[in-house]
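Step one of this worksheet: look at the structure below.
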Amino acid sequence: MSAPSVDLSRYRTVVVSPHFDDAALSLSAVLMTAPGPVAVVTVHGGRPPAGVKVSSWDYDCGFSAPEDAYETRVREDALACECLGADQILLVNPDSPYRQPDEPLVGLDELVRRAAATADLYLPAGINQPDHGRVRDQSIAALGTDSGVRPFFYADLPYAAALSSYADEGSTFLTSPEAWPSEVRVLGGRYEHGLDLPRGVPVTGKLWEAKRRAVLCHASQLSLVACMDEVAVPQPLLGVDGLLALEVVWRPSAG
């Protein structure tokens, strides 16, 4: 579904996913236990412009034409959303290799304002991923930080999990703001009362089985996600206790 045609007031949980795979990678367990109905909104969910050359990312994923990559990703995302019990909503922005980097993200401002009025809104924390940071910043600018709106911010997986403090034995992320990545500490500074200590959701048992199925729906990108420089750590992407086995969510403090 495209965002303009959707009645967002029917949803109790709305996740803003920068790319087609981010909600499944970062929030599967949270979504499966969240109040429903649930919607996953992909910000870079638009078709590439006609006639553009295939990006290096899509080429290395095995596609010779950007249209083929796009159509595959839309189908994969629909399957992942079905696994998570969520509706798929797409904004019209092409993926970042196919758009100007400084262009505002079309439809995002209106969407987050509408969603925040009636639903729990989840935004990317923007850890170690520039596209995610742009989505976070534009969303915060649209909502304001003094309006009383308190969106949730989720740790971007697998990027955040590459940090040593994320999934250590003591779960330092969950108890010590000093261990938070710089992006989260700066994020807390934008809100008058900072951020509450985060909620950690271990992804185990049936939740892990369901998350694994949702992530595997995004098969066309997984080979590259697993070997990106940002996540180059000696842990398997889909290991039972690997990079995706702990989901973390922050929220601005009510004071």
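The values are calculated or read from the model by the stated rules, or taken from the named source; none is laboratory data. Note that the structure is a prediction, hence the values are computed from the model and not measured. Ideal geometry is used to build each Cβ from the backbone, glycine not excepted, and the neighbour counts take in all protein chains shown. For accessibility, only protein heavy atoms count, side chains too; no ligands or nucleic acids. Shrake-Rupley method; radii C 1.70, N 1.55, O 1.52, S 1.80 Å.
Which shape class applies to segment 52-140: rounded if a/c is under 1.5, otherwise prolate when a/b exceeds b/c and oblate if not, where a ≥ b ≥ c are the square roots of the Cα gyration tensor eigenvalues? Mind showing how you got there, number by number?
Details: a/c = 2.08, a/b = 1.36, b/c = 1.53.
Oblate, because a/c is 1.5 or more while a/b does not exceed b/c.
For segment 2-76, what does the relative contact order come out to in percent, with C-alpha contacts under 8 Å and a separation of six or more? Before the final figure, lay out the partial values.
On the way: 68 pairs, mean separation 21.3, N = 75.
Once divided by the residue count of segment 2-76, the mean separation gives 28 percent.
So what is the relative contact order of the chain, in percent, for Cα pairs below 8 Å that sit 6 or more residues apart? Don't jump to the answer; show the numbers that get you there.
Values: 459 pairs, mean separation 61.6, N = 255.
It rounds to 24 percent for the chain.
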Site residue 224, offset 7 angstrom along Cα→Cβ, radius 19 Å on amide nitrogen, limited to segment 35-50, gives 42-50
Across 10 Å bins beginning at 0, the whole-percent shares of Cα-Cα pair distances in segment 118-182 come to 20, 45, 30, 5
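Calculate, in nm to one decimal, what residue 117 and residue 149 gain on full extension: separation in residues at 0.36 nm each, minus their alpha carbon distance. Can you show the working numbers first?
Details: separation 32, 0.36 × 32 = 11.52 nm, distance 0.83 nm.
Here the answer is 10.7 nm.
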For segment 1-74, shape from the Cα gyration tensor axes a ≥ b ≥ c, cut at a/c of 1.5 then a/b versus b/c, turns out oblate
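Carbon-plus-sulfur fraction of the accessible area of segment 10-56, 1.4 Å probe, in percent? Show your work: numbers first, answer last.
Numbers: 750 of 1390 Å².
The value for segment 10-56 is 54 percent carbon and sulfur by accessible area.
Give the value in nm², to one decimal: projected area of the alpha carbon convex hull of the chain, averaged over all directions. Could you put the intermediate results ahead of the total?
Details: hull surface 50.7 nm².
The Cα convex hull of the chain, projected and averaged over all directions, gives 12.7 nm².
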Amide H neighbours of residue 127 at under 5 Å, excluding residues fewer than 5 places away on the same chain, with H built from the backbone geometry, are 156
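Using a 1.4 Å probe, what is the accessible area per residue for the chain, in Å²?
Working: 11040 Å² over 255 residues.
Value returned for the chain: 43 Å² of accessible area per residue.
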One finds, for residue 33 and residue 53 with R0 = 41 angstrom and r their Cβ-Cβ distance, a FRET efficiency to the nearest 0.05 of 0.45
Burial-style ranking of 190-198, 69-77, average other-beta-carbon count within 10 Å with highest first, yields 69-77, 190-198
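Just from its helices, what would the mean residue ellipticity at 222 nm be for the chain, if runs of 4 or more DSSP H residues each count -39500 (n - 2.57) and the sum is divided by every residue, rounded to the nearest 500 deg cm²/dmol? Write down the numbers at each step before the final one.
On the way: 9 runs with 91 residues, N = 255.
Theoretical 222 nm ellipticity from helices: -10500 deg cm²/dmol.
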